[in-house]
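**Student:** To start, I am sharing the structure in question, which I have written as structure tokens.
The values are calculated or read from the model by the stated rules, or taken from the named source; none is laboratory data. Nothing here was measured: the structure is a model prediction, and the numbers come from that model. Using ideal geometry, Cβ is built from the backbone for each residue, glycine included, and neighbour counts are taken over all protein chains shown.
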Amino acid sequence: MNLKITLLGGDGIGPEVLAQSVKCLQAVEETFNHHFTYTEGLIGAAAMDRFGTPLPQATIDLCRASDAIIFGTIGTLKYDDNPSAKVRPEQGLLQLRRELQLFTNIRPVKVFPTLVNKSPLKKHVIFGTDFVIYRELTGGIYFGEKKLSEDGTVASDLCEYSEKEISRIAHLAFKAAKGRRKKLTLVDKANVLATSRLWRKVVTRISESYPEVQLDFLFVDNAAMQMMLNPNEFDVILTDNMFGDILSDQGSAICGSKGLLPSASIGNEHAMFEPFHGSYPQAEGKNIANPVASILSIAMMLSHFGLYEESRAVVIAVDKSMRKHVVTRDLSATSKYGTSQVGDFIAGNIIDSDENLNYNYENIGLGKSTII
Ligand code: IPM
Ligand code: MG
């Protein structure tokens, strides 16, 4: 298969972890005889420094012309610490999601058996955790009108959703649930918010087309608590932009390190793949960031294009790195391996063999069914 891939490293550790994903993709090309081309684009603080904008038009054009985008991370301390900055690096990512209409963000949360001890939660609580968050990505409070009074003492952010915005992601979430354990939990705050009540109405109506899927509802405060007490109860979580952002970070902590989990942002025409985690500016250039989330996001990309064996080979190589303790310091304080050594190991272990077919795939990383 030929694929045109845009690489957006962004800020902080983004370019470093992304470089490991490219190594792995090159290994996939060689092993499975594909041809991928890579073009780099600028976004975030890196773009602001050069062009004064976090999302230059050239980057948008590049993304539109490609089959897939692999994204690193965004944000720097310089802007985080300055609440009065007029433009922020994060706006580049938000605008890109909106421009490309990447309305569904898929975030699988699955505990690697080799890492159960890394979780802050007790083993018996997290054992078997395997759920996926379907987070709405181009609407809600993130994109509603923002106001600041002239004297700068009152601010507001509008949260708005239309039936159309809710139903397009709801259908994808129900389809995912159908292929999994057939349970969908809508997480909202319908006891307080009008938008949440609209979500309930639309999702309940759509559920009639998916009778095999059990639909239930949880208020977001309760969902946050249940995720800590009994993460096993979840299969597919469907939620809005803001709640999905918060719950997905919480979900990643369950797995032992924020550096492990990938995500896919999907629209009708474009797809972007990125880690859950942020730009971790304190680690920039130190070769200590965990590249696994980024590498697993290319596994999601490969599945997205129907390259299931290739995707499986990447996940198995990641699992092998954990079994052999070739991991970064977030997973093993005394590890001598850095970002690029872990990347080399994983890329070097991407193989096409019968061994992969017999692998107990259900026990590792990304369940196949969580991959679109
Ligand atoms: C994420 C990030 C982004 C978000 C930030 C960087 C704007 O936290 O992808 O979860 O809030 O969506
Ligand atoms: Mg987030």
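**Student:** Is at least one residue of segment 47-69 under 16 Å from the mean Cα position of the chain (by Cα), among the acidic types (Asp, Glu), part of a helix (DSSP H, G or I) and at pLDDT below 95?
**Tutor:** no
**Student:** Same structure again: Which of the numbered conditions does Ala283 fail, given that it passes all the others? Conditions: (1) of a type in the set (A, V, I, L, M, F, W, C); (2) surrounded by fewer than 24 Cβ atoms within 10 Å (Cβ to Cβ); (3) in the same structural domain as Asp80 (by TED's automatic domain parsing); (4) in contact with a Ser or Thr (Cβ under 7 Å, 6 or more places away or on another chain).
**Tutor:** (4)
**Student:** Would you check which residues across segment 257-281 are away from ligand 2 (no atom under 14 Å from the Cβ) and at pLDDT 95 or above and list them?
**Tutor:** Hits for segment 257-281 are Ala264, Ile266, Gly267, Asn268, Glu269, His270, Ala271, Met272, Phe273.
**Student:** If you go through segment 239-251 one residue at a time, do you hit one that is away from ligand 1 (no atom under 15 Å from the Cβ) and either part of a loop (DSSP other than H, G, I, E, B) or closer than 17 Å to Glu136 by Cβ (or both)?
**Tutor:** Scanning segment 239-251, I find no residue that is away from ligand 1 (no atom under 15 Å from the Cβ) and either part of a loop (DSSP other than H, G, I, E, B) or closer than 17 Å to Glu136 by Cβ (or both), so the answer is no.
Residues are listed down the side, and each one gets a yes or a no for (1) aromatic (Phe, Trp, Tyr); (2) in contact with a strand residue (DSSP E or B) (Cβ under 9 Å, 6 or more places away or on another chain); (3) modelled with pLDDT of 95 or more:
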residue	(1), (2), (3)
Leu77	no, no, no
Leu93	no, yes, yes
Leu96	no, yes, yes
Glu99	no, no, yes
Ile106	no, yes, yes
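**Student:** Do we find that Gln91 is of a type in the set (S, T, N, Q) and assigned to a loop (DSSP other than H, G, I, E, B) in this structure?
**Tutor:** Taking the combined requirement at face value, the residue does not satisfy it.
**Student:** Let me ask something additional. Considering Arg88, Arg64, Arg97, which residue is in contact with a Phe, Trp or Tyr (Cβ under 7 Å, 6 or more places away or on another chain), touching a residue at least 24 places away in the same chain (Cβ under 8 Å) and surrounded by fewer than 23 Cβ atoms within 10 Å (Cβ to Cβ)?
**Tutor:** None of the others qualify; the one that does is Arg88.
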